Amino acid sequence: MSQQPIQLGLKENWQQFTILVIVNAFVGGMIGLERSIFPKFAEAEFGISSHTAVSSFIIAFGIAKAVTNYFTGKLANRFGRKNLLLAGWVLALPIPFILISADNWSWVIFANVLLGIHQGLTWSSTVVMKIDLVGEKDRGFAMGLNEFAGYLAVGIVAYLTGFIADKYGVTPYPFYLGFAISGIGLLLTLFFVKDTHMFAKKEGTDSTAHQLGNVFWETTLKHKTLSSVTQAGMVNNLNDGMIWGLLPIVLLSLSFGSKDIGIITAIYPMVWGIGQLVTGRLSDIYSKKSLLFWGMLVQGMAILFIPISSSFMGLAAISVALGLGTAMVYPTFLAAIAQATHPHQRAESIGVFRLWRDLGYAIGAVISGITADLFGVEYAIFLIGGLTIASSLVLKFRMLESASPEKACIEVEAVKQAILQHKNIQIVDVRSKEEYEQNHIPNAIHIALTELRERMQWLDKRAQIVTVSSKGGGRSSDGAKLLKELGFNAIWLCGGTNKWLGLSPQ
């Protein structure tokens, strides 16, 4: 039986996409276990009240998740997305048992290290798999659906744990939800999820995106769009870490009960989750830069109002604003990263982005915890709000208006016309010797990409150099980029040898 051809698109792959959305809801549910009850849990069970000590579980979680994100991105192509997703669910199984039976705070920290690794493996894998499936057209909407499912589940489970804690006590009953969440997530992945690496391979053959020289440093610092998005992602989770750790403490200081704390802390991720159904689609239509700038600015302004609010309705409104601001940026982060990177490097670039983004949890917990202990909770909140506004300004003045990589290629007909007009053009085939001998454009010079620097003396700096590979956009793009750096007037051929010779893409 012949294998079905691989087609990119949300509509074409809706069944597998839907399964991944459901799986990611269970991933988010694991975070919701701790969202509203942990400060009270720490004080009631272990007698811990220091803001820094309470934040230690967020620090452990953030570092573990961040590092795992990075390696998940690097290992996704090698070991398969599904295998990493399965490994993440296996690690989730003991977490609720550890939290229920912990007799000292060190076990709680260990449970959060496992939770961070679990989140890094599972959430990163579902993100990459959805991007693989949908292709470029609906990428923002796809990320909106992904984050909607995950963070709506965070909010629902945060509310449920707060409700259960208020009725039955802070332990063990709220953590029983974790057994069901981790078990169902594992079974869904094992029996229904399919790997998607072939979809990324398919997109890579047609992509016109330039490959990055060093994925880590380009994503972190050098590439204006990627690095701007990365710093904003880190600051976004920095303020989320502060809200996770300090907002329940603020609410406790205002004498709110567990039920009301559960409602207020749940509003933020639920609005965040539901809002992404709209903002994800908007990021496919409108400027990603504008959505990111306004989203970070709204978050920063909302945070500044927390210390001066004391009513239930006022704090609920702040939680709504925080959710809206975060909804504007979260799917847009991932869509912007995916748009600016080549499919073959996308998983790694997303891994680097998520490394720095989730280090924000640890950095935010440290900064807010220390500042709160030294100067008071209000000063910690003002500091984090100011940093969030500063991040929005970095996006405003550093990020490029369009994250789309420049399509620096020339069409086949344009080259043929130039040759007929006797213009000075050299076509350079940068494929392997075997590929060149199998078929090539007449009169094309063969210089393999790996030999281009050493044999550049064969080329005429006065000529228009046109680099060519089989389909264009991969080796030919890299070859043109290298020759430009060496002082040549170089461009790569759209569609490559196959299009010139009228061959069907493989």
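The values are calculated or read from the model by the stated rules, or taken from the named source; none is laboratory data. Owing to the predicted nature of the structure, the values given are computational and were not obtained by experimental measurement. Every residue, glycine among them, receives a Cβ derived from its backbone with ideal geometry; neighbour counts consider all protein chains shown.
Here are the numbers for this structure:
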quantity: Failed item, numbered, when I19 is tested on (1) at pLDDT 90 or above; (2) closer than 18 Å to Y151 by Cβ; calculated: (2)
quantity: Every residue from region 295-338 that is small (G, A, S), at pLDDT 95 or above and within 30 Å of L212 (Cα to Cα); calculated: G295
quantity: Among residues of region 23-62, those that are over 23 Å from V90 (Cα atoms) and either at pLDDT 80 or above or part of a helix (DSSP H, G or I) (or both), counted; calculated: 15
quantity: Tally of residues being buried (at least 24 other Cβ atoms within 10 Å of the Cβ), more than 12 Å from N69 (Cα to Cα) and not small (G, A, S) across region 107-125; calculated: 2
quantity: In region 106-163, residue farthest from L85 (Cα to Cα) [restricted to those that are in a helix (DSSP H, G or I) and acidic (D, E)]; calculated: E147
quantity: Selection status of L387, closer than 30 Å to L291 by Cα and part of a loop (DSSP other than H, G, I, E, B); calculated: no
quantity: The one condition in (1) loosely packed, with under 12 Cβ neighbours inside 10 Å; (2) at pLDDT 90 or above; (3) within 36 Å of the chain's Cα centre (by Cα) that P442 fails to fulfil; calculated: (3)
quantity: Answer from A414, A448 - the residue that is more than 30 Å from N239 (Cα to Cα), touching a residue at least 12 places away in the same chain (Cβ under 8 Å) and aliphatic (A, V, I, L, M); calculated: A448
quantity: Test result for Q276, under 20 Å from the mean Cα position of the chain (by Cα) and either under 26 Å from G473 (Cα atoms) or among the hydroxyl-bearing types (S, T, Y) (or both); calculated: no
quantity: Failed criterion for D478 (all others in (1) at pLDDT below 90; (2) more than 21 Å from K201 (Cβ to Cβ); (3) among the acidic types (D, E) hold); calculated: (2)
quantity: Unmet criterion (only one of (1) crowded, with 20+ Cβ neighbours inside 10 Å; (2) among the polar types (S, T, N, Q); (3) in contact (Cβ under 8 Å) with a residue 40 or more places away in the chain) for S470; calculated: (3)
quantity: Single residue of K202, K167 found to be charged (D, E, K, R), out of contact with any Pro (no Cβ under 8 Å at 6 or more places or on another chain) and closer than 30 Å to G245 by Cα; calculated: K167
quantity: Enumerated helices (runs of 4 or more DSSP H) restricted to region 390-506, each holding at least 1 residues that are under 30 Å from K288 (Cβ atoms); calculated: 475-485, 496-501
quantity: Filtered residues of region 199-254 (kept if within 22 Å of S283 (Cβ to Cβ), modelled with pLDDT under 75 and outside any helix (DSSP H, G or I)); calculated: S207, T208, A209, H210, L212
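Here's the yes/no breakdown for (1) in contact (Cβ under 8 Å) with a residue 24 or more places away in the chain; (2) outside the structural domain of A232 (by TED's automatic domain parsing); (3) touching a Gly at 6+ places or on another chain (Cβ under 8 Å):
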| residue | (1), (2), (3) |
| --- | --- |
| L251 | yes, no, no |
| D260 | yes, no, no |
| G280 | yes, no, yes |
| F293 | yes, no, no |
| L297 | yes, no, yes |
| M301 | yes, no, yes |
| I318 | no, no, no |
| A321 | no, no, no |
| T326 | yes, no, yes |
